[in-house]
2 protein chains.
Amino acid sequence: MKRLIFLSSLSILLFSCAQKQERTINSDVLSSEEIIDSTNIKTLFNSALTDGKSYEWLRDLTQNIGQRLSGSEGAAKSVIWGEKIMREVGLDSVWLQPVMVPHWVRGEKEIATYTLNGMQKNVPICALGFSIATPESGILAEVIEVKSLEEAKALGNKMEGKIVFFNRPFDDTLINTSSAYGGCVDQRVNGAAVCGEFGAKGVIVRSMTNSIDDFPHTGTMSYGDLPIEKYIPTAAISSKAANILSKDLKENPSLQFYFKQSCETLPDAPSFNVVGEIKGIETPENFVVVGGHLDSWDLGEGAHDDGTGIVQSLEVAYLFKKNNIKPKNTLRIVFFMNEENGTRGAKEYAALSKMNKENHIAGLESDFGGHTPRGFSIDGNTVNTQLLQSWKKLLSPYGLHDLDKGGSGADISPLKEENVTLVGYKPDSQRYFDYHHTSNDTFDKVNKRELELGSASMASIIYLMDKYLYSNTALKP
Amino acid sequence: MKRLIFLSSLSILLFSCAQKQERTINSDVLSSEEIIDSTNIKTLFNSALTDGKSYEWLRDLTQNIGQRLSGSEGAAKSVIWGEKIMREVGLDSVWLQPVMVPHWVRGEKEIATYTLNGMQKNVPICALGFSIATPESGILAEVIEVKSLEEAKALGNKMEGKIVFFNRPFDDTLINTSSAYGGCVDQRVNGAAVCGEFGAKGVIVRSMTNSIDDFPHTGTMSYGDLPIEKYIPTAAISSKAANILSKDLKENPSLQFYFKQSCETLPDAPSFNVVGEIKGIETPENFVVVGGHLDSWDLGEGAHDDGTGIVQSLEVAYLFKKNNIKPKNTLRIVFFMNEENGTRGAKEYAALSKMNKENHIAGLESDFGGHTPRGFSIDGNTVNTQLLQSWKKLLSPYGLHDLDKGGSGADISPLKEENVTLVGYKPDSQRYFDYHHTSNDTFDKVNKRELELGSASMASIIYLMDKYLYSNTALKP
């Protein structure tokens, strides 16, 4: 027994010693100003992790409102919610920016099925955003499987009267899953435009995901320049069903696939961006903006896409106020409307900003889910990019190692100008496309600490950009 | 409609551009040898992500065998499974190392309850490993809440006949959750030993987690030098119930807490480490070992703790064989038995290694869950530590930024000697203590890609250590 006790205590001890290495900054290597920054950043993290509000805000948004597709009742409710919650945080001013948004509705749940060897198979599909409906009786046709738009184009009129099945999967060897998304999403966006041209009857597209499961992933599509009479219905098929269908087509190349959907695009609807700000104490005429998008697809609760970005953006302001950090420039929080199918809110915000001659010096967007922070993607001029990269020693103790150059996000990029520094928040990407645009994107998939670490990471880079890009405005031409 | 199409396509485009930045190594800055290494590491990752076996192995281990507490039927089955699966991978030799292990059993499901204002509350608890049972009728007593062993000791005989309730929570401000664990676990390990001394009737301990939920977390405890007649029963209480109890104690400090458990420690049982190896082609008398632990606590399926470490360790060998990478030294895979409550397997492996004069040059342990890789914790001499840190440019494209000095793991640390380099695999820590030692540690909590990225990360550092520490054996005294 004695030996046992010794060993088990030893095991605990070893574990504790092995793991008890909280990464800290060696303050010898920091300037006195950096020590202040390091202390403030620690305060922001401590505050988010012990008194963060984002998780309960997210619960409210996702579970009491739920899906928020542009033009929907949920989207309208989320605008009211957004204004209310910004006021509760005590921003200096809060207002709504009216914007007309597309209004596409899914209609009844889609149906898809085919029969192989006398056995009927039900297929999980969902209409793609902006797709037209099938005829009420649905579509029944043979299926041609292709792996790319080029392969489809090469078929030409051979696809007439057929359903074209785009089945190029994610490249799983890409470490950042958004690279895999970028390598596949042309099938979803342009598949129907390409195949409508050649008289295909419909298009089904493999879901945009690394995961093999039964969740179809919706998302926006476009008919491009296609004349309206050539529009054909298009839907996503789950990755698992795509694999099975591909196999079944080898067994019976002339199997008849049936699908039915009743979606439609209604006239544009009125909606709003929700905007709030904390007035800057030194140069309030300069703006630092942080935001995410309030709208979501209609299948889940819009938790990771982009409820997390919304609550994290507001938590930046909350953390500033709570810790009495007063921004030099005006800190603006924006809940953008309609990122998913139109980015009308983003365009409207940029247009108004230009009209009002607002001088944006920096922007930060969170629209890549609420997982553990990894860093930021920097879209700025060389001087400012190097400045942001010099903060690595302040940020890396929080797991923020990745400060590469890259794009920012769809909602803030219309603000792009030579001296505006735009930043995209980069959380861990591995699970994001398990949930993206599906009924699986729900509150329970978000981890409280991961979400709060994201808020604190965002508050930290906003704190640094506000402080140091401010003095860099002298660089402006 | 035109404008809409343009905008939605733009949004997609921006997203794709923003995110499509797969991090690659600038091969200009690499030596020709490093280019070979970089290529081999890419091969290991590609292979794990497209043809990895770890996820299906883990499904089999966790869902067909399940819990594997030392001495249990599950542990015995897992040994047979481990030997079989190692043979399937085609290791050069596979064998079992007999070892006697502690055999503690939980018995019937524990019960805990108290009444406040006439309302009975049922409390989620679980006995701690090695705890004795309560009397068959259970224990009913007043509760004294404390926050530390010191506070408990200061109570002295005031705790006689009472239940002592250790309720110091995790420090949520610590970024690495294992630091928070290390700062609290003394309550669980030593609480009963301290309070038994002063005649307390029992001890309940707040669960070791950041999460506020209803899962009690078991784990090992020790009565230390306490004479057996002073042993008192001890259990973990869920974090949510701990918060409620603490509040209720303020309302009624003399409330009577009842708990009942029927666990017992049986005589030691025979068990095994499972060991396999690929013979080294240059210095087979040198060993590089990689492992995790086969046993688990009895409440869940032992998925993150430590099923993931087991399947990742074996996948290192699988990836070497599949890609025809032949280790210079003998690569040994070890499924250690009894890490959780005794580390008997670890001691036995180290003792046999010493007896057989095996020259271990490096070891790697995975026992911190299966989440996204962040790096490795290095326990080696200065020269070798710096060598490992110089590989950062090869590893950081895979998110492996963290190569700090630190401990390795409970199972390999008995191999520690001046020139042995021991490494602990460090995945993201944020969710680990949501599952650790609970009924919630199940297969569905593990993400396939995250698991496979871990296998590839481990294979990569093993590849580098095998190649470069090999030539460094000249450093040996």
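The values are calculated or read from the model by the stated rules, or taken from the named source; none is laboratory data. The structure presented is a predicted model; accordingly, all values stated were derived computationally and were not measured. Cβ coordinates were reconstructed from backbone atoms using ideal geometry, including for glycine residues, and neighbour counts include every protein chain displayed. Please note that ligands, DNA and RNA were not included when accessible areas were found on the heavy atoms of the full protein model with its side chains. Shrake-Rupley method; radii C 1.70, N 1.55, O 1.52, S 1.80 Å.
Okay, which of the stretch A:192-230 sit inside 12 Å, backbone N to the point 7 Å along the Cα-Cβ direction of A:E151?
Residues A:206 qualify, since their backbone N sits under 12 Å from the label point.
When Cβ neighbours within 10 Å are restricted to other protein chains, what is their mean count per residue of peptide A:364-372?
Per-residue shielding by partner chains comes out at 2.
Quick one: what are the phi-derived ³J(HN,Hα) couplings along the stretch A:345-357, Karplus 6.51/-1.76/1.60 with θ = phi - 60°, whole Hz, x for glycine and proline?
Here the 3J(HN,Hα) series is x, 4, 5, 5, 4, 5, 5, 5, 4, 5, 4, 8, 6 Hz.
Can you pull the mean other chain C-beta count within 10 Å for peptide A:169-177? Walk me through the intermediate numbers first.
Numbers: counts 0, 0, 4, 10, 9, 4, 12, 7, 2.
Average neighbour count from other chains, rounded to a whole number: 5.
For label points placed 7 Å from Cα toward Cβ, what is the shortest-first list of nm distances from A:S148 to its copies?
6.5
Multiplying the sequence separation of A:E33 and A:A269 by 0.36 nm and subtracting their Cα-Cα distance, what value in nm do you get?
Details: separation 236, 0.36 × 236 = 84.96 nm, distance 4.98 nm.
Computed gain between A:E33 and A:A269 is 80.0 nm.
Return one whole number: the accessible area per residue of the stretch B:110-262 in Å², for a 1.4 Å probe. Let's see the in-between values first.
On the way: 5660 Å² over 153 residues.
For the stretch B:110-262, the solvent-accessible area averages 37 Å² per residue.
Rank-order B:128-139, B:241-252, A:435-446, A:146-157 by packing density, defined as the average count of other C-beta atoms within 10 Å over each peptide's residues, highest first.
Numbers: B:128-139: 19.1, B:241-252: 16.6, A:435-446: 22.2, A:146-157: 15.0.
Answer by packing, highest mean first, reads A:435-446, B:128-139, B:241-252, A:146-157.
Sequence neighbours fewer than 8 away in the same chain don't count; with that in mind, list the lysines whose C-alpha is under 19 Å from B:K247.
Of all the lysines, those that pass the test against B:K247 - Cα under 19 Å, at least 8 places apart if same chain - are B:K121, B:K147, B:K162.
Based only on the alpha carbon positions, what is the Kirkwood hydrodynamic radius of the stretch A:222-262, in angstrom? Walk me through the intermediate numbers first.
Values: mean 1/r = 0.0792 Å⁻¹.
Averaging 1/r across every pair of different Cα atoms and inverting gives 12.6 Å.
Taking a 18 Å limit on the Cα-Cα distance, which of the listed pairs B:K279/B:K328; A:K445/B:K445; A:K53/A:K393 fall beyond it? Provide the component values of the computation, followed by the final result.
Values: B:K279/B:K328 8 Å; A:K445/B:K445 11 Å; A:K53/A:K393 27 Å.
Over 18 Å Cα-Cα: A:K53/A:K393.
When only Cα pairs under 8 Å and 6 or more residues apart are kept, what is the percent relative contact order across chain B?
On the way: 1075 pairs, mean separation 96.8, N = 477.
Relative contact order comes out at 20 percent.
One decimal, nm, shortest first: give the distances between the label point of B:G118 and those of the same position in the other copies, each label point 7 Å from Cα along Cα→Cβ.
6.7
Would you mind estimating how fast the stretch B:225-355 diffuses translationally, via Stokes-Einstein at 37 °C and 0.692 mPa s with the Kirkwood radius over Cα pairs, in µm²/s? Working shown, then result.
Details: Rh = 18.8 Å.
In µm²/s, the coefficient is 174.
Could you sort the residues of the stretch A:46-65 by number and keep only those whose accessible area is reduced by 20 Å² or more in the all-protein-chain setting relative to the chain alone, 1.4 Å probe?
A:N46, A:L49, A:T50
Viscosity 1.002 mPa s, temperature 20 °C: what is the translational diffusion coefficient of the protein assembly as shown from Stokes-Einstein with a Kirkwood Rh over Cα pairs, rounded to a whole number of µm²/s?
Numbers: Rh = 29.8 Å.
Translational D for this selection: 72 µm²/s.
Please enumerate, by chain and number, the aspartates and glutamates with C-alpha under 13 Å from the C-alpha of B:K347, excluding those fewer than 8 residues away in the same chain.
Within the straight-line limit of under 13 Å, B:K347 reaches these aspartates and glutamates: B:E339, B:D411.
Which of the three applies to the stretch A:109-262, rounded, prolate or oblate, going by the alpha-carbon gyration tensor with a ≥ b ≥ c and a/c under 1.5 meaning rounded? Could the numbers behind the result be given before it?
Details: a/c = 1.39, a/b = 1.07, b/c = 1.30.
Since a/c stays below 1.5, the shape of the stretch A:109-262 is classed as rounded.
Using amide H atoms built 1.01 Å from N in the peptide plane, name the residues 5+ places from B:G363, or on other chains, whose amide H lies under 5 Å from its own.
Correct list: B:V289, B:T421, B:L422, B:V423.
Which value does Rg/Rh take for chain B over its C-alpha atoms, Rh per Kirkwood?
Numbers: Rg = 24.6 Å, Rh = 23.9 Å.
In chain B, Rg relative to Rh is 1.03.
What is the sum of charges, Lys and Arg at +1 and Asp and Glu at -1, for the other residues whose Cβ falls under 13 Å from the Cβ of A:C126? Can you show the working numbers first?
On the way: positive: A:R106, A:K109, A:R188, A:R206, A:K260; negative: A:E108, A:E110, A:D214, A:D298, A:D441.
Local net charge: 0.
How well do other chains shield peptide A:400-413, expressed as the mean number of their Cβ atoms within 10 Å of each residue Cβ? Please report the intermediate quantities before stating the final value.
Working: counts 1, 7, 5, 0, 2, 1, 6, 9, 3, 5, 10, 2, 1, 7.
The mean count of partner-chain Cβ atoms within 10 Å per residue comes to 4.
In whole Hz, with x marking every Gly and Pro, tabulate ³J(HN,Hα) for the stretch A:84-101 from phi via Karplus 6.51 cos²θ - 1.76 cosθ + 1.60, θ = phi - 60°.
4, 5, 5, 5, 4, 6, x, 5, 5, 8, 9, 8, 10, 10, x, 7, 7, 10
Where along chain B is the Cβ that lies nearest the axis linking it to chain A, and how many Å separate them?
For chain B, the closest residue to the axis carrying it onto A is B:H401, 2.
From the label point of A:P270, set 7 Å along Cα to the beta carbon, how far off in nm is each other copy's matching point, shortest first?
Relative to the other copies, A:P270 has label-point distances of 8.3 nm.
Provide the net charge surrounding A:L394, with neighbours chosen by a C-beta distance below 9 Å and charges set as Lys +1, Arg +1, Asp -1, Glu -1. List each step's numbers first, then the result.
Details: positive: A:K392, A:K393; negative: A:E34, A:D37.
That sum, taken over residues with Cβ under 9 Å, equals 0.
Checking the cross-link filter: which aspartates and glutamates have an alpha carbon closer than 16 Å to that of A:K416, excluding same-chain neighbours under 8 positions apart?
Within the straight-line limit of under 16 Å, A:K416 reaches these aspartates and glutamates: A:E348, A:E358, A:E365, A:D379.
Have a look at the DSSP beta bridges in the protein assembly as shown and tell me what percent are antiparallel, nearest 5.
Percentage antiparallel, nearest 5: 55.
Scan around B:V99 for amide H atoms under 5 Å from its own, H built in the peptide plane at 1.01 Å from N, and keep only partners 5 or more places away or cross-chain.
It is B:S271, B:F272, B:N273, by chain and number.
Of all DSSP beta bridges located in the stretch B:288-444, what percent are antiparallel, nearest 5?
Values: 6 of 22 bridges.
Around 25 percent of the beta bridges assigned by DSSP in the stretch B:288-444 are antiparallel ones.
Can you give the accessible area buried between chains B and A, summed over both chains, with a 1.4 Å probe, in Å² to the nearest 100? Spell out each step's value before the answer.
On the way: alone 20250 and 20270 Å², together 33550 Å².
Separately minus together, B and A give about 7000 Å² buried.
With all protein chains present, how much of the accessible area of the stretch A:109-262 (probe radius 1.4 Å) comes from carbon and sulfur, to the nearest whole percent? Let's see the in-between values first.
On the way: 3140 of 5840 Å².
Of the solvent-accessible surface of the stretch A:109-262, carbon and sulfur hold 54 percent.
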